[in-house]
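The values are calculated or read from the model by the stated rules, or taken from the named source; none is laboratory data. This structure is a prediction, so every number in the text was calculated from the model and none was measured. All Cβ positions, glycine included, derive from the backbone under ideal geometry; neighbour counts span all protein chains shown. Calculation scope for accessible area: heavy atoms of the full protein, side chains included, ligands and nucleic acids excluded. Shrake-Rupley method; radii C 1.70, N 1.55, O 1.52, S 1.80 Å.
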Amino acid sequence: MQPGAAAAMEPAPGPQEKYQLITRNLQEVLGEDKLLAILKERELKIYWGTATTGKPHVAYFVPMSKIADFLKAGCEVTILFADLHAYLDNMKAPWELLELRTRYYEHVIKAMLESIGVPLEKLKFVRGTDYQLSKEYTLDVYRLSSVVTQHDAKKAGAEVVKQVEHPLLSGLLYPGLQALDEEYLKVDAQFGGVDQRKIFTFAEKYLPSLGYAKRVHLMNPMVPGLTGSKMSSSEEDSKIDLLDRKEDVKKKLKKAFCEPGNVENNGVLSFIKHVLFPLKSEFVVLREEKWGGNKTYTAYEALEKDFAEQVVHPGDLKNSVEVALNKLLDPIREKFNCPELKKLSSAAYPTPAKAKPGEKGTKNSEPEDVVPSRLDIRVGKVISVEKHPDADSLYVEKIDVGEAEPRTVVSGLVHFVPKEQLQDRLVVLLCNLKPQKMRGVESQGMVLCASSVGEPRQVEPLDPPAGCCAGERVYVEGYGGGEPDEELKPKKKVFEKLQADFHISEDCVAQWKQRNFLTKLGTVSCKSLKGGSIS
């Protein structure tokens, strides 16, 4: 028998097997019946699009591994570099950088696909501006705008387009363009994250009004980032860049939220489930002989069960992911080590120009926005509370915020909150203030509290929604996608400027300018101090 003959004799997967490959690990499929009907007749044509904005990070391996599934199922796959969408999304990609960022995306996505063994010759790569500026497409944009309501356009983009206080018209156009892409790319289905669901249902509603067919929609779950919230280009600590050095990967994984026995919002476990298992069909937990030695898992469910029962330690899990992840990243790092791609990377994502001392800024620097997304606010769990040894009004608390070690925080709550009411409770912690010593003890954060307006003064720590985990991101409504400052500079007074508009609503909800403080589980509140301030 000649080499490769055995493989050639393997029967081609049938429609049901293809369906299983296409849909495994997805959160939702819209149009299952249509999907099965197409698979019984021919191969599925599908596209995945990515707006060329922030740098792709390791979470992009999640759609890449699904693209590998699609190709195994015989699908014809198109990858769209949505450059025009990137510009329309609140100008996240300025026009002068659009071409450079699109080239960067093309190189890095292809390097990722090669890293996981996906043959590029089976893929079709398209840029949005290759066809979205044509006369036909432009006329369809106008046709669509004549039937779409402002309400529907805004609602469709709510989870995807950056939400700002005074939205631009471009953000309303974005969902319509994504809907039209399905027709102009001549596909049967569109693949994306479940955060795209509103755009997908928008397309299903409005494409038929232009005489175009309704498509199938395939949705990946949103994989938690390393902090427990969505892995995002704009949340530095939540993501590992594809070009991060090995020491940076180690550092970020070490800080990753991975509470013993907790399988909820665990970005480390999710990465194993949605990337490493689909690629290899197994995962090896590396550990010393005294802890039982290495263990190979051939089913993700078995690994999750052992982690939940604390048979697998978070440290071993992180170390094992670090080794596996670096194997994926090594060929990408090597490819981008050449002078040409190094130059492209720095040109596409230039370091912001800094103003000289005494200057307001250079002509190339952007005006500073004082917005709530600059605050790194997280849910914390109080591990211990003690009186400050040298101050009667201060507590010294150890607070878990989903990092490798709890933070030490000094709070002036002795006269307002009994020690036993703080112990083991969830709090809301501002994490990116510059650490400062308070009577000899360095405080690494601030517990945010509601305060009464009148006398006698009353203080209540803010309450995250029930069910939150330590480390979850707290954000202001409409500002969930911004990037927190690594550290707030005291001279800039960013927190103080924002705090001036913090208050407690009549429903006891924490707000900034009438916008609620939120986690993914709901609103942040206090027990009783309606109309109060927040400090």
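Only one of the listed residues (Leu30, Leu98, Leu88) is open to solvent by less than 30 Å² (accessible area, probe 1.4 Å) and modelled with pLDDT of 95 or more. That residue is Leu30. Is it true that Glu322 is of a type in the set (Asp, Glu), crowded, with 18+ Cβ neighbours inside 10 Å and at negative phi? When the stated conditions are applied, Glu322 passes them. Just so you know, in region 147-186 the residues that are open to solvent by 90 Å² or more (accessible area, probe 1.4 Å) and modelled with pLDDT under 95 include one that is farthest from Tyr47 (Cα to Cα), and it is His166. For Ser452, the requirement of being touching a Ser or Thr at 6+ places or on another chain (Cβ under 9 Å) and under 21 Å from Ile534 (Cα atoms) is met. Within region 430-439, restricting attention to residues that are farther than 15 Å from Ala470 by Cα and in a loop (DSSP other than H, G, I, E, B), the residue that is least open to solvent (accessible area, probe 1.4 Å) is Asn432. Among the candidates Val410, Val427, Val417, the residue that is closer than 23 Å to Gln499 by Cα, among the β-branched types (Val, Ile, Thr) and not in a strand (DSSP E or B) is uniquely Val417.
Taken over region 295-310, the criterion of being small (Gly, Ala, Ser) and either closer than 8 Å to Val285 by Cβ or not in a helix (DSSP H, G or I) (or both) is satisfied by Ala299 alone. Taken over region 440-468, the criterion of being closer than 17 Å to Val410 by Cβ, part of a strand (DSSP E or B) and either more than 31 Å from the chain's Cα centre (by Cα) or of a type in the set (Asp, Glu) (or both) is satisfied by Val441, Glu442, Val459. Only residues that are among the acidic types (Asp, Glu) and either at pLDDT below 85 or in contact with a strand residue (DSSP E or B) (Cβ under 6 Å, 6 or more places away or on another chain) (or both) were counted in region 247-276, giving 2. Between Thr201, Thr149, Thr138, which is closer than 27 Å to Val29 by Cα, among the polar types (S, T, N, Q) and free of Cβ contacts under 8 Å to residues at least 40 places away in the same chain? Answer to the selection: Thr149.
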